[in-house]
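These notes concern the structure reproduced below.
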Amino acid sequence: MIVPWLERLLYLVAAVLFITGLKRLQSPETARRGNQISALGMLLAMVVTLLDDGIVSYGAIAAGLLVGGALGLWLARAVKMTAMPQTVAMLNGLGGGSSLLVASTEFLNLERRGLTATLDVAITTQVGVLIGAVTLTGSLIAFLKLQEVMSGRPITFAGQKTVNALLFAAILGLGMWVAIVPGVPLAVFFPFVALALVLGVMLVIPIGGADMPVVISLLNSYSGIAAAMTGFVIGNEVLVISGALVGSSGIILSQIMCKAMNRSLTNVLFGAFGATVTAGPKSATGLTVRSTSVEDAAVQLAYAQQVIIVPGYGLAVAQAQHQVRELMELIEKKGGVVKFAIHPVAGRMPGHMNVLLAEANIPYDKLFDMDDVNGEFERTDVALVIGANDVVNPAARTDPSSPIFGMPILNAEHAKRIIVLKRGMSAGFAGIENELFYDQKTQMLFGDAKGSLSKLVAEVKQA
Ligand code: NAP
């Protein structure tokens, strides 16, 4: 239905749209348009694919589009911002599952017709099957951990690495057998797929729920590689290009997260990090926290010349972004300057805080990256820490035994006063005590961030 040269040209246009869209995702100002451009690329790629002569049943495709489209629409509307990491995990898993199905179907089709693929296609097919299967079950475990259906704690047992190594060796052996030996019995192919599915589970269970964002980004990268492999198998260039884009961006994102946490990818994957500790009103060294009242905190904010707001995961949990904007506007009305200090791994996914604050229409020029704002804290009257913990923990600088030692942090402790909004003394993601909360200059305003901010807004209005 479509001439090959035109098909290739349109696929190329789709690939250019993907790349342009990705480029625009770099800044919150252009991200929305970037998303639309990528979606247009996807639409074009789908239309061109649907015009292919090899389409067997438009009815089945239409049914799939309807069901998938409706589910996608529902997900986009229903999923809360804080549940985004597990949603991405689920979507990655489905991407891996599709690659597994397409590559398996290609293999089974050849088998059924008694044909043999060339060695390169045979190997690519089995690599696609392997990565697709690992991505599917690995992402499913990541989803279950993040959704708290399964415990987020690392699941480890004696000899785990040996078991994994043996499993991998068995998969490699079976995979090579399937790829190299023509007319291999299906009794070899199916165990190969089953073991690959088990490997996905085994690779993700020892990783703590807290490290899941890095794992998800890595699995995202795997799903891209699996898609690219599938593209080679079925001879579809746009799938190769889009798979490679997903594969490389996933790896880059994983690296950015690891760097911002000062941890290696190996430590994330094999370090079994993330046991949770709850700190009390007294620190391990006997220091006591000082709590403050809404009235007191409101007076300090109303008369401050400069306030730096440090948002963290708790702000996303409380969904208090609109209240933050109201507070910002009130402080500015009273003559104060308000800046937001954004740590690269605040929250549970890169850019989490930027997206959250953008949702409340907080101007982008008020958001400052860590390196640009850290020097400002000394000149700041109040650092208002909202639901952030690890990203302001001085132990990252001072305590070589701390799991976050070496992670760059926001200099909230350098401000003249620090007001912390959180519900209690629970630890953050890293599961460790935070000396900042026991600092002489720090006052804790306990309560859900949304409730505390609403009360602060009311009080600052009166001040
Ligand atoms: P955090 O260290 O996880 O701390 C969040 C704090 O928010 C908790 O101590 C909690 O204390 C408080 N909180 C929870 N719900 C709240 C609510 N409704 N109202 C008020 N406070 C609430 O968060 P963070 O400082 O943003 O640090 C992020 C962490 O995630 C870092 O350790 C980072 O390495 C890790 N991480 C991030 C990414 C990423 O891409 N962003 C990826 C991987 C890992 P209470 O329960 O006492 O209220």
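With charges only on Cβ, +1 for K and R and -1 for D and E, what is the dipole size of the range 334-463 about its Cα centre, in debye, rounded to 20?
Working: 14 positive and 16 negative charges, 109 e Å.
Here the size comes out at about 520 debye.
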Quick one: give the max-minus-min coordinate of the C-alpha atoms of the range 369-432 along each principal axis, largest first, in Å. 30, 27, 18
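Can you pull the Rg over Rh of the range 122-176, Cα-only, Kirkwood? Working shown, then result.
Details: Rg = 14.0 Å, Rh = 13.1 Å.
Computed over Cα atoms, the ratio is 1.07.
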Nearest 10, in degrees from 0 to 90: the angle of helix 28-50 to the longest Cα principal axis of the chain is 10 degrees
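Just to be sure I understand: of the beta bridges DSSP finds with both ends in the chain, what percent are antiparallel, rounded to 5? If you can, show how the numbers build up before the last one.
Numbers: 2 of 25 bridges.
For the chain, the DSSP antiparallel bridge percentage is about 10.
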Going by Cα centres, the range 18-86 and the range 112-190 are how many Å apart? 27 Å
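DSSP loop chymotrypsin sites (Phe, Trp or Tyr not before Pro) in the range 377-463 with at most 14 other Cβ atoms within 10 Å of their Cβ, which ones?
Working: sites: F377, F405, F429, F437, Y438, F446; in loops: F405, F429.
The qualifying sites are F405.
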Mind checking which of G114, A31, A383 is farthest towards the positive end of the chain's charge dipole, using Cβ charges of +1 (Lys, Arg) and -1 (Asp, Glu) about the Cα centre? A383
Using the Cα centre of the chain as origin and beta-carbon charges of +1 (Lys, Arg) and -1 (Asp, Glu), tell me which of L186, S139, L174 is placed farthest towards the positive end of the dipole. S139
Sort the range 76-192 into rounded, prolate or oblate with this rule: let a ≥ b ≥ c be the square roots of the eigenvalues of the Cα gyration tensor; rounded if a/c is under 1.5, and if a/c is not under 1.5, prolate when a/b is larger than b/c, oblate otherwise. oblate
Could you work out how far helix 212-234 tilts from the main Cα principal axis of the chain, as a 0 to 90 degree angle to the nearest 10? 20 degrees
In Å, the C-alpha Rg and Dmax of the range 295-421 are 13.8, 45
So which lysines can K339 reach, going by Cα to Cα under 24 Å and dropping same-chain residues fewer than 8 places off? K366, K416, K422, K441, K450, K455, K461
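Placing unit charges on C-beta atoms (Lys and Arg positive, Asp and Glu negative, everything else neutral), compute the dipole magnitude of the range 287-383 about its Cα centre in debye, rounded to 20. Before the final figure, lay out the partial values.
On the way: 8 positive and 13 negative charges, 38 e Å.
Charge dipole of the range 287-383: 180 debye, to the nearest 20.
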Placing unit charges on C-beta atoms (Lys and Arg positive, Asp and Glu negative, everything else neutral), compute the dipole magnitude of the chain about its Cα centre in debye, rounded to 20. 520 debye
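Using the Kirkwood formula over every pair of different C-alpha atoms, what hydrodynamic radius in Å results for the chain?
Numbers: mean 1/r = 0.0409 Å⁻¹.
Computed over Cα pairs of the chain, the Kirkwood hydrodynamic radius comes out at 24.5 Å.
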Set Lys and Arg Cβ to +1 and Asp and Glu Cβ to -1, take the dipole of the range 1-107 about its Cα centre, and tell me which of L22, L91, L12 lies farthest positive. L22
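Rg over Rh of the range 10-145, using C-alpha atoms and the Kirkwood radius, what does it come to? Spell out each step's value before the answer.
Details: Rg = 17.6 Å, Rh = 17.4 Å.
On the Cα set of the range 10-145, Rg over Rh gives 1.01.
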Would you mind getting the accessible area per residue of the chain, heavy atoms of the protein chains only, 1.4 Å probe, in Å²? 48 Å²
Radius 13 Å from Cβ of Q323, net charge of other residues (Lys, Arg +1; Asp, Glu -1): -1
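Taking the DSSP beta bridges in the range 291-428 as the whole, what percent of them are antiparallel, to the nearest 5?
Numbers: 0 of 17 bridges.
Taking every DSSP beta bridge within the range 291-428, about 0 percent pair in antiparallel fashion.
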Env charge @ F189, Cβ radius under 13 Å, K,R +1 / D,E -1, value -1
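Once neighbouring chains are kept in place and the probe is 1.4 Å, which whole percent of the accessible area of the chain is contributed by carbon and sulfur?
Looking at the chain in its full context, I get 65 percent from C and S.
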3J(HN,Hα) from dihedral phi, the range 169-177, Karplus parametrisation 6.51/-1.76/1.60, rounded to Hz, x for glycine, proline: 4, 4, 5, 4, x, 4, x, 5, 4
Once both label points are put 7 Å beyond Cα along the C-beta direction, the E359-Y303 separation in nm becomes 3.6 nm
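The values are calculated or read from the model by the stated rules, or taken from the named source; none is laboratory data. Not measured: the values here are computed from a predicted model. Neighbour counts run over all protein chains shown; Cβ positions are idealised from the backbone, glycine included. These accessible areas exclude ligands, DNA and RNA; they are computed on the full protein's heavy atoms, side chains included. Shrake-Rupley method; radii C 1.70, N 1.55, O 1.52, S 1.80 Å.
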